[in-house]
Each structure stands twice: as C-alpha cells, then as structure tokens.
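Okay, so here's the structure we're looking at.
The values are calculated or read from the model by the stated rules, or taken from the named source; none is laboratory data. In this text the structure is predicted, and so the values were computed from the model without any measurement. Please note: Cβ atoms are built from the backbone with ideal geometry, for glycine as well, and neighbour counts cover all protein chains shown.
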Amino acid sequence: MREDSAYPEASYYTATANPHESFSPLKGEVKADVCVIGGGYAGLSAALHLAEHGYKTVLLEANRVGWGASGRNGGQIHPGQRRDQFALEASVGKDHARALWGLAEDARKLVTGLIERHGIDCDLTPGLIHCAHKQAYVDDYRAEVEHLRETYGYDLIEFLDKDALSEKVGSEGYFGGTLDHGGGHLHALNFALGLAKAASDAGAGIHENSRVTAIRRGKRVTLETAEGSVSADFCVVACNGYLENLLPKVASRALPINNFIATTRPLSEKEARGLIRDREAVSDSRFVVYYYRLTADNRLLFGGGENYSSRFPADLPGFVRPHMEGIYPQLKGIEIEHAWGGTLAITMKRMPYVTRLDPNLYVATGFSGQGVTIAPLAGQLVAEAINGQMSRFDVFSTLKTPAFPGGTALRHPIMAMALLWFSLRDRMPF
Ligand SMILES: Cc1cc2nc3c(=O)[nH]c(=O)nc-3n(C[C@H](O)[C@H](O)[C@H](O)COP(=O)(O)OP(=O)(O)OC[C@H]3O[C@@H](n4cnc5c(N)ncnc54)[C@H](O)[C@@H]3O)c2cc1C
C-alpha cells in the first residue's frame, strides 16, 4: 500500500497530534556509525538508544516519522508476547519461553519508562481487558491467569466471569475474560512523535521524505535515497509492513496485512461509561481481533476487520461500522468522524523477526499486531547488540522465522485463503 507521504488526513491521531517539528530530507553524502531505515517505534527507539550509547546515528524515513503503523494503531499496550506462554512453552521449551516472558515485561516497562523519562504527552491510561467471544475459550482464560500468577509470578492479571465482565464492558457478546492491570493504552502517533523528539534531542539525525531505494551491503553499508546517500558501519532495517522488496529475504518472512480503525463523535460521559466503565483498553478472542477503547476526548476508537490486498476498502467508515455495531448495538447509526487503515507485518509464528543478516546489518520487524510494546524493545535490543551486548537480542534472534509458503509472489493469495478460513471460524459458535 503506497500512499501519499503526508499523514492520513482522516485519522483521529493526525487530528489530535501534538505540535511537532518536521525533519528535512537527506541531501548529499553523509557518513555515520549507524544508519536506521524506518521512523516507526522500532527505528526511533533504535536511533534513540544508539545515540545514547554515543553512536553517530542517522535515521531515514520515507514519509513522516510515525507515518506507518506506529502512528495509526489501536494504541493498546498488551503485556506478554503475541503468543501466550502455554504456546511458547510448547514450541520453544520452558527456559526460552521464560526468557521471552522476561523480555515482554521489559518491553511493557520500557514504554512507560520512555514516556516518563522524556515527558511524552500521549494519554497513557492503565488497564487492558481481554474478552472471550466463545464460551469454549473461558476455561483457557482462567487457566492462563493461574499459569501467569503461579509460574511467572505475574499478579497484575485477574479473571473476570461473565457478570464481572459485563459490568465493565457494556456488550452482550462475551462470556468472560481477564483484566490485566499491567496493560493499558496510549495515543499512538503522539508516542511516536515523542520518541522522535527524544531521539533527535539525544543527537540522532532524522531525515523525513527520504526513502531508501537501495541497500549496498559490504564492510560498510551504503544506503541511497533520491537526493543523497549514507555510508555507515552498521545498518538497522525497521520498515515492518512497508518494506516492499528492499530486502527480499526479510520480505519473504514478514507478510504485510491491512487493518482498519474508526472513531465515533465524542460521547457524553454517560454514553462512554456505558461502553467501557473504567476506560481500559479492550480486545477480544477473535482471530481478526476486535480492539477498542475510549480516547481522551471520549470517542470510541474501534479497530475491526482487515484485508490482505494492496488496497484499502474505498468506504472505510462503512467497512468498520458493522463490526463496531455488532459489539455495541446501542451505537447503531452513530456518527463516525474518522476512519483510516494501516499496514502491519505478521510472521508465520506470530513472533517478531529480530535478526542479524550480516555482521553489520540488523533487522527488526514482524511484530504481528503487538508492536506498541515489542517494537520499541526490539529497537533497544538492536542498539544493545551493535554495542556488543547480545544476550537479550539473542532471546529473539534464536527464534526460527520460516518464510511464508509461496515466496513473495504467491504468499498473498495463499495466506489470504488461510486467514479467511480462520476469520470465518470466528463466526462459528463452537
Ligand atoms: C491498524 C493497526 C492497529 C494496530 N493496533 C495495535 C495495538 O493496538 N497494539 C499493538 O501493540 N500493536 C498494534 N499494531 C501493530 C503496531 O502498530 C506495529 O507493530 C508497530 O507500530 C510497528 O512499528 P515499526 O516501527 O516496526 O513499523 P512502522 O511504524 O510501520 O514504521 C515503518 C516505517 O518504515 C518506513 N519505511 C518503509 N520503507 C522505507 C524505505 N525504503 N526507506 C525509508 N523508510 C521506509 C515507513 O514509511 C514507516 O514509517 C497495529 C497496527 C495497525 C496497522
């Protein structure tokens, strides 16, 4: 999906962005210790931490910082990894699963720590509710709470039965759930803009409207843009769902998919409390997850529905509305004032693809819908690795990330069929 390089006009985030500076495009030849490609959470965090380690760092962003998924997402802070601990233990063993849990905890604390340390004004609000949309999932939720409390010592999560849940979330569509006090939500774009300011203040040179058109690999890495080039000792590629074919090996392992969000008009306090009484973020057990929350100005921000083509639906409010009204019939016909879409990258195993392709070429991508916490962490880990500290980086880099079947040409139709199957299964009652 290639759009205009300006922020999406129809986005609630664009309409409520904090004042921020623009960064000039790269012109001429520049030498750096590290060049970061991509100005989302992963790239910005890498640039910030590298600059703090004392590296001369240049970040090249094709559009504006936060223009990608980082400025468009649901803003939900999910503790844990994208896969639950039971699944991770089964696939990578108990020790590695425990290390991954430790990283996820680091990620959650990194986000709140960055917001506090850099004074980022991004409506950070505590609490995440996860809802089971099928009775069959309720026991799994209860078991997960017990497992996290007993095995991992994580006591911020509690089980909610149907009655307790329906007091908090004013929808009839759920059978039980969990309340995680370690989760929360934030204004996605303002978090990205705050990270960009922090990175710039730390000394990183940021250039917007500077698309990298070629990466020349070697002892030094050279990155070319329309009006300049950067020659660097190290390169970090953090383009996630917008990578296209810049690095084919990475593109074959990180599939771009589109997801869509709408916000209503501002609601009265009474209307808002009737939807989410205590203002937590909410997400559910659908394969194509519904995720929603109240914004600081009392709109319902609702994410639902995705597609796997290179185009967004023409009528985005019309695309999201039936999903939102299915959960909240009381909102039938309500004014939708903003609707937009974004592209994220998923991996086959839904775990991030954080790796080193050459001794001086690092990649952080494939956050599979859980990048608000994990992408800033991945940026920090890559910065640590370049600085010679490999231990936390290797917890991710030792995960296996297979290529999607069908290569970059056929993976879209093949995956579209598979993903469609799973989303159809969401609608079955068992
Ligand atoms: C609609 C939507 C809702 C989501 N909701 C949530 C949520 O609630 N919670 C959660 O945890 N995660 C969510 N996610 C996922 C999360 O937003 C992403 O995982 C995260 O933002 C990824 O950050 P990133 O830095 O890797 O990529 P991005 O933010 O996408 O940044 C990549 C950047 O690279 C730039 N780029 C690409 N190619 C080049 C090039 N050749 N040269 C220079 N720059 C280039 C792009 O312009 C882009 O700005 C959502 C994603 C979407 C799309």
Output for the range 176-218, where each listed residue is over 24 Å from Ser229 (Cβ atoms) and within 11 Å of the ligand (Cβ to nearest atom): Gly183, Gly184, His185, Leu186, Ala188, Leu189, Phe191, Ala192, Leu195
Subset of the range 366-391, residues near the ligand (Cβ under 8 Å from one of its atoms) and either touching a Gly at 6+ places or on another chain (Cβ under 7 Å) or outside any loop (DSSP other than H, G, I, E, B) (or both), comes to Gly371, Val372, Thr373, Ile374, Ala375, Ala378, Gly379
Of residues in the range 303-314 being away from the ligand (no atom under 11 Å from the Cβ) and either in a strand (DSSP E or B) or among the small types (Gly, Ala, Ser) (or both), the one surrounded by the most Cβ atoms within 10 Å (Cβ to Cβ): Asn307
Looking only at residues in the range 37-73 that are among the hydroxyl-bearing types (Ser, Thr, Tyr) and within 18 Å of the chain's Cα centre (by Cα), which one is farthest from the ligand (Cβ to nearest atom)? Ser45
Subset tally (residues that are in a strand (DSSP E or B) and of a type outside the set (A, V, I, L, M)) for the range 206-246: 10
Pairs please, first residue from the range 290-301 and over 8 Å from Ile276 (Cβ atoms), second anywhere and modelled with pLDDT under 95, Cβ atoms under 6 Å, 6+ apart in sequence or on different chains. Tyr290/Gly304
Yes/no for Arg286 being surrounded by fewer than 20 Cβ atoms within 10 Å (Cβ to Cβ), more than 18 Å from the chain's Cα centre (by Cα) and outside any strand (DSSP E or B): no
Only one residue in Asp106, Asp140 is surrounded by fewer than 16 Cβ atoms within 10 Å (Cβ to Cβ) and in a helix (DSSP H, G or I), so which one is that? Asp140
Of all residues in the range 74-96, count the ones that are within 22 Å of the chain's Cα centre (by Cα) and not in a helix (DSSP H, G or I). 11
Of all residues in the range 247-283 being away from the ligand (no atom under 15 Å from the Cβ) and part of a loop (DSSP other than H, G, I, E, B), the one that is farthest from Ile334 (Cα to Cα): Ser252
Those residues of the range 325-361 that are in a strand (DSSP E or B) and within 13 Å of the ligand (Cβ to nearest atom) come to a total of 11
Look through the range 18-36, keep the residues that are outside any strand (DSSP E or B) and buried (at least 18 other Cβ atoms within 10 Å of the Cβ), and return whichever of them is farthest from the ligand (Cβ to nearest atom). Phe23
Which residue, of Tyr55, Tyr12, is more than 30 Å from Tyr308 (Cα to Cα) and surrounded by 14 or more Cβ atoms within 10 Å (Cβ to Cβ)? Tyr55
Could you tell me whether the range 236-244 includes any residue that is more than 12 Å from the ligand (Cβ to nearest atom) and at pLDDT 95 or above? no
